[in-house]
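The values are calculated or read from the model by the stated rules, or taken from the named source; none is laboratory data. Since the structure is predicted, the reported quantities are computational estimates derived from the model, not experimental observations. Because the Cβ atoms are built from the backbone with ideal geometry, glycine has one as well, and the counts that use them run over all protein chains shown. Accessible surface areas use protein heavy atoms only, side chains included; no ligands, DNA or RNA. Shrake-Rupley method; radii C 1.70, N 1.55, O 1.52, S 1.80 Å.
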Amino acid sequence: MNRQNTQMARNEMEQLKEDGPDYFNKIIRIQDAEKRKMAQYIGEGATFFLLIMAGAVFVFRAVRRQLKFSQEQQNFMMALTHELKTPIAVAKLNLETLQKRKLEEPQQQKLIQITLQEANRLNALCNNMLLSSQIEADGYLFTKEEHNFSELVENCVHDFAIRFPQRKIVQEIAPGLFVNGDMLLLQMAVNNLIDNAIKYSPKESQVTILLNAVQNKIVLQVKDEGKGISDEEKKKIFTKFYRIGNAATKAAKGTGLGLFLTKKIVQQHKGNISMTDNNPAGAIFTVTLQSSPEKN
């Protein structure tokens, strides 16, 4: 188009008579018109190029986001398959052992206890998956009732102490703290935090659960002494399907739903959840909820 514009201007100038009136003025007008059209073509071309580039960037980001999400889903399915097969395989082996062999009572009770632990873990996994889908689809019927949050946390800690008798679990729970909310969801959130603290810390380390009242707020803290979480990872830990990228945590059992679901539950209760570093090592997850006004 620029060559065509130049050619048209040249033709117009060739048609002018050099001895004609206003010859030089007409030459200047033709050259000015040529420059304006050239600037117009350049502007239109630059705009078109920028639109193409913006579209390419948009498509690239969309494709990259889709590929990342597909990879996360694939990782989730692999982790989920492992999480489902493990308790089923353990339960099957224990039941077959009880069926085929005559064991002493202590051995029988130990196998039964292990089987129940795996069944509870499988049940918790199924609840997490179901609840995650229901909350995202706005299909969960949220119930708001007054509950003794102190007792709820104590019961959760007690359950984990039974499931993991070799772990050192320390609790400092202030009594008589009440919240308005859904008991099932609150219990699941607390269980997810304690479960993560146990999974992602050494077996000989301590897990600490603190529950206190600060003015009209209830503050729950779950502390572990694991490897901790890098600053870059902290921004992603509450994302669905996300699992921390180091080898130690990848080897631990999990699907990447726990913290995502916990944050959703806390938000449903108009609360806040955050993560900070524990000294000298590990992580501290802090949940802040509104205390029940009737029990302040």
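For segment 165-186, what are the residues that are outside any strand (DSSP E or B), surrounded by fewer than 18 Cβ atoms within 10 Å (Cβ to Cβ) and charged (D, E, K, R)?
167
Name the residue that is farthest from residue 176 (Cα to Cα), counting only residues in segment 141-164 that are in a loop (DSSP other than H, G, I, E, B) and in contact (Cβ under 8 Å) with a residue 12 or more places away in the chain.
Here the answer is 164.
Check 100, 85 and return the single one that is modelled with pLDDT of 85 or more, farther than 25 Å from residue 267 by Cβ and among the basic types (Lys, Arg).
The conditions single out 100.
Answer yes or no as to whether residue 260 is of a type in the set (Phe, Trp, Tyr) and either open to solvent by less than 20 Å² (accessible area, probe 1.4 Å) or modelled with pLDDT of 75 or more (or both).
Working: of a type in the set (Phe, Trp, Tyr): yes; either open to solvent by less than 20 Å² (accessible area, probe 1.4 Å) or modelled with pLDDT of 75 or more (or both): yes.
For residue 260, the condition - of a type in the set (Phe, Trp, Tyr) and either open to solvent by less than 20 Å² (accessible area, probe 1.4 Å) or modelled with pLDDT of 75 or more (or both) - is met.
Test residue 289 against the stated conditions and say whether it is assigned to a strand (DSSP E or B), modelled with pLDDT of 90 or more and over 21 Å from residue 170 (Cβ atoms).
Here the answer is yes, as residue 289 does meet what is asked.
Is it true that some residue in segment 103-123 is charged (D, E, K, R), touching a residue at least 12 places away in the same chain (Cβ under 8 Å) and either assigned to a helix (DSSP H, G or I) or touching a helix residue (DSSP H, G or I) at 6+ places or on another chain (Cβ under 6 Å) (or both)?
Looking only at segment 103-123, we keep the residues that are charged (D, E, K, R), and these are 104-105, 110, 118, 121.
Filter again for touching a residue at least 12 places away in the same chain (Cβ under 8 Å), leaving 118, 121.
When the remaining residues are screened for being either assigned to a helix (DSSP H, G or I) or touching a helix residue (DSSP H, G or I) at 6+ places or on another chain (Cβ under 6 Å) (or both), the result is 118, 121.
Yes, the conditions are met somewhere in segment 103-123.
List the residue pairs whose Cβ atoms are under 8 Å apart, where the first residue sits in segment 244-271 and is closer than 16 Å to residue 201 by Cα and part of a loop (DSSP other than H, G, I, E, B), the second is modelled with pLDDT under 70 and basic (Lys, Arg), and the two are 6 or more positions apart or on different chains.
Pairs found: 244/250; 254/243.
This table checks each residue for (1) open to solvent by 70 Å² or more (accessible area, probe 1.4 Å); (2) of a type outside the set (A, V, I, L, M); (3) closer than 28 Å to residue 230 by Cα.
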| site | (1), (2), (3) |
| --- | --- |
| 100 | yes, yes, no |
| 111 | no, no, no |
| 125 | no, no, yes |
| 188 | no, no, yes |
| 195 | no, yes, yes |
| 198 | no, no, yes |
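Do the conditions hold for residue 135, that is, is it closer than 30 Å to residue 158 by Cα, surrounded by 13 or more Cβ atoms within 10 Å (Cβ to Cβ) and modelled with pLDDT under 80? Walk me through how you get there before you give the answer.
Values: closer than 30 Å to residue 158 by Cα: yes; surrounded by 13 or more Cβ atoms within 10 Å (Cβ to Cβ): yes; modelled with pLDDT under 80: yes.
Against the criterion (closer than 30 Å to residue 158 by Cα, surrounded by 13 or more Cβ atoms within 10 Å (Cβ to Cβ) and modelled with pLDDT under 80), residue 135 qualifies.
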